[in-house]
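No lab work stands behind these numbers, since they all come straight from the coordinates. Quick caveat: nothing in here was measured; it's all calculated off a predicted structure. For neighbour counting, all protein chains shown are included, and Cβ atoms are generated from backbone atoms with ideal geometry for every residue, glycine included.
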Amino acid sequence: MPSIPASSPGGGSGSQGSGVADGDWERVQAEFMKGIWKENPVFVQVLGMCPMLAVTNSAVNAMAMGAATFFVLVGSSFLVSLLRNFIPRQVRISTYIVIIATFVTVADFTLQALLPDIHRELGAFISLIVVNCLILGRQEAFASKNTVKHAVADAVGMAGGFAIALLCLGSVREILGSGSLFGVSLFGSGYEPWVIMILPPGGFIMLGLILLFFNWLKSRRAHWLQSLDKLGEGAR
Amino acid sequence: MAELVWIFFSALLINNFVLSYFLGLCPFFGVSGRLDTAFRLGLATLFVMVITVVCAWALNTFVLPYAPYLRLISFILVIASTVQFVEMFIKKVSPALFRALGIFLPLITTNCAILGLALFMTNREYGLLQGLVFALGAGAGFTLALVLMAGLRQETELSSVPSIVKGTAMNLLMAGILSLAFMGFAGLFSAGS
C-alpha cells in the first residue's frame with residue numbers, strides 16, 4: 001500500500017459540511033497539486049511500474065496509456081467515493097476491483113474501436129491497468145474516505161502526475177532510441193539511434209537514471225537548506 | 001512436442017516475464033532482499049500460475065464465448081477465489097507447506113504476472129496442455145529472475161555506494177543490466193534450427 005497522504009489543510013473530512021467555500025476550494029487545489037509534484041506516483045512513490053516501463057518505448061504509446069489510466073482512475077475514484085457509504089467493509093477490496101475492471105473494459109473496447117493500431121501495439125497492457133497498484137491504492141487510501149469532489153481532484157492530480165511521468169519517460173526513450181519524437185525525425189539521417197533505449201533494458205536503466213536525478217535534487221535541496229540555516233546562525 | 005519445448009524455453013529465458021515484459025515488478029523489487037524468501041515466493045508464484053491456467057482455460061472454453069466483455073472481471077474474481085480455496089485446502093492438509101508458501105498466496109493473486117499470463121494465454125489461443133507448459137516456463141523464469149536479483153542485492157548490501165544511488169535507483173539499474181544479459185538468449189533457437 002502507498003503511503004497515505006495526510007495533507008488536508010481543511011482538517012479532515014469532518015469539516016467539509018461547515019467549511020468556508022474559499023478554504024474548500026483551496027483544499028481541492030491542494031489535493032490536485034500533490035499528485036502532480038510532491039507525491040508524484042512514479043517519481044516519488046514508485047508505483048505502477050509494470051505498465052510504465054512496458055509501454056514507454058514511444059511518446060505516442062505513453063500518451064495513450066496515460067489517457068487510459070486517467071479515465072480509469074478518475075472514473076473509479078468518482079464511483080467509489082459516491083458509493084463509499086454503501087460498500088460493506090469486508091468486501092471492499094473485491095468491490096473496488098470489480099469497479100476498476102469495469103472501467104478498464106470500457107477503456108479497452110473504446111481504444112480498440114477508435115485507435116486499433118495503438119491498441120495492437122499496447123496489447124495486453126491496457127487490460128493490465130486493472131492490477132496497477134496505483135489505482136487500487138488511491139481507492140483504498142483516499143476515495144473510500146473522502147467526498148466526491150476531493151476524491152475526483154485527487155484522482156485527476158494522481159493520474160495527471162502519472163501521465164506526465166509516462167510522457168517524460170516515453171519522450172526521452174523515443175528521442176534517444178529512435179531519434180524522433182511523436183514519430184517526427186529530429187536529428188536527420190546522420191544520427192545513430194541508441195537501440196537499447198527502446199528495448200526492455202533501456203526502460204529499467206532510464207527510470208533508474210531519472211530516480212537518481214530526483215535523489216540528487218533532493219540531496220542538493222537538503223544541503224542548501226542546511227547551509228542556509230548555518231548562515232542564519234552566523235548572522236545572529 | 002517441439003512446440004511445447006519452444007513455449008517453455010521462450011517463457012523461461014527469451015521472453016522472461018519480469019525482464020522483458022515487466023510483469024510482476026512489485027514483488028521483484030519488494031521481496032528480492034533475501035535469497036531464501038525470494039526462492040519461496042518464486043515457487044508460490046509458479047503454483048498460482050498453474051492454477052491460473054486451469055481457471056483461464058475453463059473460463060475461455062465454457063463461459064467467455066457467450067460473454068466476451070466479462071473477460072477481465074471473471075478472470076480476476078475466479079482466479080482470486082480459486083487461490084483462496086486452494087490456500088484453505090493446503091492449510092488443512094499440509095501445514096508445513098502452508099508455512100513455507102502460504103503467506104505469499106494472497107499477495108500473489110492480484111499480481112500483474114498472473115493476470116498477464118491468463119491474458120497472453122487467451123491472446124495466443126493456447127490449449128490446456130500448452131497453457132500448463134507456458135505456466136511452468138513463466139513461473140520458473142520468474143523464480144530465476146527473482147533469485148538472481150536477490151543474489152545481486154545481497155552482494156551489494158555490504159559494498160559502499162554513494163548515498164543517492166542506494167535503494168530503488170540502484171535496483172532498477174541492476175535490473176537493467178540483468179535484462180541486458182537475458183537479451184543474449186534471443187538467439188538461442190534461431191541458431192539451433
Distance from the stretch A:109-125 to the stretch A:188-236 (C-alpha centre basis), Å: 34 Å
Quick one: which residues, 5+ away or cross-chain, put their amide H under 5 Å from the amide H of B:PHE22? H built at 1.01 Å from N. none
Tell me, B:MET149, A:MET63 in order of fewest to most beta-carbon neighbours within 10 Å? A:MET63, B:MET149
Surface/4 of the Cα convex hull for the protein assembly as shown, nm²: 27.7 nm²
Where only alpha carbons of chain A are counted, the Rg and the Dmax (Å): 20.4, 68
For A:LYS218, the aspartates and glutamates lying under 18 Å Cα to Cα, once residues fewer than eight places off in the same chain are dropped, come out as A:GLU39, A:ASP229
List the lysines whose alpha-carbon lies under 18 Å from that of A:LYS149, not counting same-chain residues fewer than 8 positions away? A:LYS34
Considering Cα pairs under 8 angstrom that are at least six residues apart, work out the relative contact order of the stretch B:1-103 and quote it in whole percent. 20 percent
Among B:178-185, B:92-99, B:136-143, what's the highest-first ranking by average C-beta atoms within 10 angstrom per residue? B:136-143, B:178-185, B:92-99
If every Lys and Arg gets +1 and every Asp and Glu gets -1 at its Cβ, then about the Cα centre chain A yields a dipole, in debye to the nearest 20, of 560 debye
Once R0 is set to 45 Å, what does the formula 1/(1 + (r/R0)^6) return for the Cβ-Cβ distance between B:PHE89 and A:TRP37, expressed as a FRET efficiency to the nearest 0.05? 0.40
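Highest first, please rank the peptides A:115-123, A:202-210 by the mean number of other Cβ atoms sitting within 10 Å of their residues.
Numbers: A:115-123: 14.4, A:202-210: 21.8.
Highest to lowest by the protection proxy: A:202-210, A:115-123.
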Can you tell me, using C-alpha contacts under 8 Å and at least 6 residues apart, the relative contact order of chain A as a whole percent? 30 percent
Helical segments meeting 20 Å axial Cα length and Kyte-Doolittle 0.5 threshold in chain B (DSSP H): B:35-58, B:71-93, B:128-157, B:168-183
Ignore the peptide's own chain and count Cβ atoms of other chains within 10 Å of each Cβ in B:19-27; give me the average, rounded. 6
Give me, ordered by chain and number, the residues 5 or more places off A:LEU181 or on other chains with an amide H under 5 Å from its own placed amide H. A:LEU186
Once the Cβ-Cβ distance between B:LEU70 and A:ALA141 is put in as r, and R0 is 30 Å, what FRET efficiency do you end up with, to the nearest 0.05? 0.60
Residue-span extension gain [A:GLN90 to A:VAL184] - 0.36 nm each, minus C-alpha spacing: 28.7 nm
Applying 1/(1 + (r/R0)^6) with R0 = 30 Å to the Cβ-Cβ distance of A:ASP229 and A:LEU209, what FRET efficiency is obtained, to the nearest 0.05? 0.45
Please give the average number of partner chain Cβ atoms lying within 10 Å of the Cβ of each residue in B:68-75, rounded to a whole number. 5
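Residue by residue through B:159-165, how many Cβ atoms from other chains fall within 10 Å of the Cβ on average?
3
Just need the relative contact order of chain B here, percent rounded to a whole number, with Cα pairs under 8 Å and 6+ apart.
About 42 percent, as a whole number.
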Summed residue charge, Cβ within 15 Å of A:GLU121's Cβ, Lys/Arg positive, Asp/Glu negative: -1
Chain A, Gaussian network, Cα under 10 Å: of A:GLY66, A:GLY75, A:GLY190, the residue fluctuating most is A:GLY190
